[in-house]
1. Taking R0 as 35 Å, what FRET efficiency do you get between residue 205 and residue 39 from their Cβ-Cβ distance, rounded to the nearest 0.05?
2. Once you wrap a convex hull around the alpha carbon atoms of the range 7-278, what is its projected area averaged over all directions, in nm²?
3. Which three extents, in whole angstrom, do the alpha-carbon atoms of the range 76-226 cover along their principal axes, largest first?
4. Among 22, 169, 14, determine the one that fluctuates most according to a GNM of the chain built with springs between C-alpha atoms less than 10 Å apart.
5. Count neighbours as other Cβ atoms within 10 Å of each site's Cβ, and list the trypsin sites (Lys or Arg not before Pro) in the range 1-46 that are DSSP loop with at most 15 such neighbours.
6. Over the chain, what relative contact order in percent results from Cα pairs under 8 Å that are six or more residues apart?
7. How big is the gap, in Å, between the Cα center of the range 60-132 and the Cα center of the range 1-52?
8. Counting Lys and Arg as +1 and Asp and Glu as -1, each charge on the Cβ, what is the dipole of the range 7-278 about the Cα centre in debye, to the nearest 20?
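The numbers here are math on the coordinates, done by the rules we state, and not lab data. The shown structure was predicted, so the numbers you read here are calculated from the model rather than taken from an experiment. So basically every Cβ, Gly included, is an ideal-geometry build from the backbone, and we count neighbours across all protein chains shown.
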Amino acid sequence: MSASRQVALVTGASSGFGLLTSIALAKKGYHVVASMRDLSKAGRLLESAEKAGILSSVEVVQVDVTLPDTIEQAVADIMSRYGRMDVLINNAGFAVGGYVEDVPMDAWRLQIETNVFGVIAASKAVLPHMRLQGSGCIVNVSSVSGLSAFPGYAPYSASKFAVEGFSESLRLEMKPFGVRVVLVEPGAYSTDIWGKGFNAIHTSETSPYWSKLSKMLQYSKQAANSAPDPQEVADKIALIVGTANPKLRYPLGRGVKLGLWARALLPWKWYEAVLQRLLR
């Protein structure tokens with residue numbers, strides 16, 4: 001590989017935004033190191049890369065973001081082989097759902113361990129190299145749930161709110177060193193996170209929250225069924241990493257900006273009343 005070719009590390013690349021972003025970056029000319037916890041799930045990514053004619057620009061490595069040693073090893077291998085670390089896409093994550101009382105502490109811990117500590121560990125692994133280069137871009141895939149929380153998704157929202165705060169601080173720390181830190185905040189898109197999340201909801205018909213959670217899930221499923229193509233998120237990320245002075249935040253998705261506008265400008269009691277009405 002040419003020493004001048006930029007290298008991108010993508011976490012959670014077996015499906016969804018991670019897979020599509022890996023392909024989009026490779027098409028832009030990056031050498032993409034696509035990481036995933038389970039290498040047996042690499043088939044979809046490699047098939048997509050082959051169809052796009054960029055298979056030689058994509059390599060797959062095993063990384064579990066809850067195990068920092070695997071991240072550090074992947075980054076060390078990249079530096080040993082290519083001598084540079086240009087882009088990190090912190091995409092690995094999942095959604096825990098359920099009302100707070102119903103969600104066991106182990107599920108809370110795994111949610112934070114993956115969605116928050118995974119982002120921190122991956123960022124820490126690349127920072128020394130980007131700092132010494134005097135360049136680099138870290139894109140943290142957050143969510144609209146990191147800006148506006150909804151009932152039944154407290155663990156997921158808590159993790160994404162944490163990513164938002166972490167990213168703000170990291171951006172300010174790294175700006176003097178030429179490292180760009182960006183938040184991408186998708187709303188509802190048609191990705192695997194919906195099916196996985198619905199199948200892992202912590203509740204039961206005996207829960208005092210069953211009826212309200214059921215209504216929230218019904219609303220979420222309707223949003224999932226009409227969700228736009230996640231390719232637009234991948235294309236946006238590929239555009240952002242090539243931008244010299246990107247914004248901090250990029251909220252994306254149907255109705256997201258309007259919803260955030262309402263959240264910011266309406267009195268809380270009015271906004272709260274709208275959400276409560278959804279659960280009746």
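1. Values: r = 38 Å, r/R0 = 1.09.
Result of the calculation: an efficiency of 0.35.
2. Values: hull surface 58.1 nm².
Over every viewing direction, the Cα hull of the range 7-278 projects on average to 14.5 nm².
3. Principal-axis extents of the range 76-226 (Cα, largest first): 56, 32, 28 Å.
4. 169
5. Working: sites: 5, 27, 28, 37, 41, 44; in loops: 5, 28, 37.
Of the trypsin sites (Lys or Arg not before Pro), the ones in loops of the range 1-46 whose Cβ has at most 15 other Cβ atoms within 10 Å are 5.
6. On the way: 493 pairs, mean separation 53.2, N = 280.
In percent, rounded to a whole number, it is 19.
7. So the separation of the two Cα centres works out to 16 Å.
8. Roughly 840 debye, rounded to the nearest 20.
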